[in-house]
Each structure stands twice: as structure tokens, then as C-alpha cells.
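The values are calculated or read from the model by the stated rules, or taken from the named source; none is laboratory data. Nothing here was measured: the structure is a model prediction, and the numbers come from that model. In this analysis, Cβ positions are derived from the backbone assuming ideal geometry, glycine residues included, and neighbour counts consider all displayed protein chains. Heads up: the accessible areas ignore ligands, DNA and RNA and are worked out on the full protein's heavy atoms, side chains in. Shrake-Rupley method; radii C 1.70, N 1.55, O 1.52, S 1.80 Å.
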Amino acid sequence: MSDCEKLLEKIAERFGCKVWVCEKIGKRISHIPGLKAGEERFLPPMVGFEDEKYVVFVQADEMSDQLKDMCEKVIECVRSDRKDRTPPRKGDS
């Protein structure tokens, strides 16, 4: 289990939510396999944090500042983990 997966598990346990990471590909958003944690909550997904390349979605009762901060850390982890392994896609600047 990667550090990013462990962080997602920690978020899911701490906040009792489902959390997953997606990558922006042009106008589409694609789930990154393996980067999800928690149980389905049957709540509409909320954006926990996003940057120009990644989005962390959360199904939770509420979005606290602490949850947002942890979602930002997930993006930082994903960026550092994937920087050398993810080739640039056509259309990315």
C-alpha cells in the first residue's frame, strides 16, 4: 500500500467518509485506480481539493477545514508519487 493510499484510508476512518482521487484529462475526469478509500455513503460527492491536474472527491456529511487540508495533502502525495511515472498526455501544457 502506497503512502497516498494510507493517507486516504486515514481520512476515510477519521471522517467516516468515502474519498477518491481523479485525474483531469482535458475536459474529462478519470478515476485513478487504487486511490480510493471508505464505504459508499450515498451522498453527493463534494470536491475536497483540486488543482490543475487532480481532484479529490469526498462523500461526507460536511466539509470541514481539516478535511480540506488533508485532501490537499493527498494531492501533494499523488503529485510526488507520480511525477516521474506519469508521461505527459497530448494536450497537457
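First select every other residue whose beta carbon is under 13 angstrom from the beta carbon of L67; then total the charges, Lys and Arg +1, Asp and Glu -1.
Counting the neighbours of L67, the net charge comes to -1.
Note on C77: accessible area approximately 30 square angstrom, rounded to 10, probe 1.4 Å, nucleic acids and ligands left out. Think of region 3-82 as having a plus end and a minus end, set by charges on the Cβ of Lys, Arg, Asp and Glu; of I11, I32, I75, I32 sits farthest toward the positive end of this dipole. Taking chymotrypsin sites (Phe, Trp or Tyr not before Pro) across region 1-90, the ones in a DSSP loop with at most 11 further Cβ atoms lying within 10 angstrom of their Cβ are F42.
So what's the angle, to the nearest 10 degrees on a 0 to 90 scale, between helix 3-15 and the longest Cα principal axis of the chain? Between the helix axis and the principal axis of the chain, the angle is about 30 degrees.
Just flag the trypsin sites (Lys or Arg not before Pro) in region 25-87 sitting in loop per DSSP whose Cβ has no more than 12 other Cβ atoms within 10 Å. Sites meeting the loop and neighbour criteria: K27, K83, R85. Measuring from a point 7 Å past the Cα of K73 along Cα-to-C-beta, which residues in region 12-45 have an amide N at less than 14 Å? Those under the cut-off are 12-15.
If you take the Cα Rg of the chain and divide it by 2.2 N^0.38 Å, with N the number of residues, what do you get? Ratio of Rg to 2.2 N^0.38 Å for the chain: 1.04. Computed in the context of the full set of protein chains, the accessible area of the chain at 1.4 Å probe radius has 48% of its extent on carbon or sulfur.
When GluC sites (Glu not before Pro) are flagged only if DSSP places them in a loop and at most 10 other Cβ atoms lie within 10 Å, the longest unflagged stretch of the chain comes out as 1-38. Taken as Cα centroids, region 57-74 and region 22-50 sit 12 Å apart, rounded to the nearest whole angstrom. Helices in the chain, meaning DSSP H runs of at least 4 residues, each add -39500 (n - 2.57). Divided by all residues, the mean residue ellipticity at 222 nm is -11000 deg cm²/dmol.
Structure shown: which of K18/K83; K27/K68; K36/K73; K6/K27; K10/K83 lie over 20 Å apart, alpha-carbon to alpha-carbon? Over 20 Å apart, Cα to Cα: K18/K83; K27/K68; K6/K27; K10/K83. Modelled spin-label separation between R82 and I32, with each label point placed 7 Å from Cα along the Cα-to-Cβ direction: 0.4 nm.
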